[in-house]
1. Find the residue count for the stretch 64-113, including only residues that are part of a helix (DSSP H, G or I), in contact (Cβ under 8 Å) with a residue 24 or more places away in the chain and not aliphatic (A, V, I, L, M).
2. Which is touching a residue at least 12 places away in the same chain (Cβ under 8 Å), surrounded by fewer than 17 Cβ atoms within 10 Å (Cβ to Cβ) and more than 21 Å from His128 (Cβ to Cβ), of Ala48, Ala61, Ala53, Ala30?
3. Tyr123 versus (1) more than 18 Å from the chain's Cα centre (by Cα); (2) open to solvent by 60 Å² or more (accessible area, probe 1.4 Å): which is the lone unmet condition?
4. Could you list, in sequence order, all residues of the stretch 104-120 that are over 11 Å from the mean Cα position of the chain (by Cα) and open to solvent by less than 30 Å² (accessible area, probe 1.4 Å)?
5. Within the stretch 9-27, take every residue that is in contact (Cβ under 8 Å) with a residue 12 or more places away in the chain and over 25 Å from Thr107 (Cα atoms) and give me the one that is surrounded by the fewest Cβ atoms within 10 Å (Cβ to Cβ).
6. Hey, can you tell me all the residues within the stretch 91-103 that are aliphatic (A, V, I, L, M) and open to solvent by 100 Å² or more (accessible area, probe 1.4 Å)?
7. Kindly check whether there is at least one residue in the stretch 76-83 that is open to solvent by 80 Å² or more (accessible area, probe 1.4 Å), over 16 Å from Thr115 (Cα atoms) and at pLDDT 90 or above.
8. Does Ala36 count as out of contact with any helix residue (DSSP H, G or I) (no Cβ under 7 Å at 6 or more places or on another chain), at pLDDT below 90, open to solvent by less than 80 Å² (accessible area, probe 1.4 Å) and in a helix (DSSP H, G or I)?
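The values are calculated or read from the model by the stated rules, or taken from the named source; none is laboratory data. Model, not experiment: these values are computed from the prediction. Counting neighbours? That spans all protein chains shown, and the Cβs are built from the backbone with ideal geometry, glycine included. What goes into the accessible areas is simple: the full protein's heavy atoms, side chains included, and nothing from ligands, DNA or RNA. Shrake-Rupley method; radii C 1.70, N 1.55, O 1.52, S 1.80 Å.
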Amino acid sequence: MSKRKQSSRPLGTVILVLMALGLGIVVCLAAFLIMAKVVEHEGLSLQASILPATLAVSLGAAVAGFALAKCNGREGLLCGIIASAAFSLVYLIGVFLGGLPQFTLYTPLKLFAFTASGCFGGYLGTLHRGGLKHRRMG
């Protein structure tokens, strides 16, 4: 009987997660800049800028989940949940540091959007590019 030795790479995993989250943050900031220019150009109110900001963070969570799943090669939904949890945690820290926490209808919707986009990005990261391969009988 052979025993399988499982390699434990906790430092490598942490670096991988941090790199994927860093890529998601860079994409999120770029999307924020683009959305801010659009909001400023159109002269939208503060209330109307909630949706573009949520879309920018959701895009960052999706890219982080995609990158993490692509580097990992499997377990895309778990990678997406990890990425979206990090973005949701940063959002909740910002809400609590802003003084009196004001939970509105938008708060659970934003958290759901972050989670859904992170999981979708993680799922897309596990898909293979080649498509279906047909095997010939015989």
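1. Number of matching residues: 14.
2. Working: Ala48 fails: touching a residue at least 12 places away in the same chain (Cβ under 8 Å); Ala61 fails: surrounded by fewer than 17 Cβ atoms within 10 Å (Cβ to Cβ); Ala30 fails: touching a residue at least 12 places away in the same chain (Cβ under 8 Å).
It is Ala53.
3. Going through (1) more than 18 Å from the chain's Cα centre (by Cα); (2) open to solvent by 60 Å² or more (accessible area, probe 1.4 Å) one by one, Tyr123 breaks only (1).
4. Step one: filter the stretch 104-120 for residues over 11 Å from the mean Cα position of the chain (by Cα), giving 104-112.
Selection gives Thr107 alone.
5. Checked the stretch 9-27; the qualifying residue surrounded by the fewest Cβ atoms within 10 Å (Cβ to Cβ) is Met19.
6. Let us first name the residues in the stretch 91-103 that are aliphatic (A, V, I, L, M), namely 92-93, 95, 97, 100.
Result: Leu97, Leu100.
7. Filtering the stretch 76-83 down to residues open to solvent by 80 Å² or more (accessible area, probe 1.4 Å) leaves 77-78, 81.
Cutting the leftovers down to over 16 Å from Thr115 (Cα atoms) gives us none.
The answer is no; no qualifying residue exists.
8. Details: out of contact with any helix residue (DSSP H, G or I) (no Cβ under 7 Å at 6 or more places or on another chain): yes; at pLDDT below 90: yes; open to solvent by less than 80 Å² (accessible area, probe 1.4 Å): yes; in a helix (DSSP H, G or I): yes.
In short, yes.
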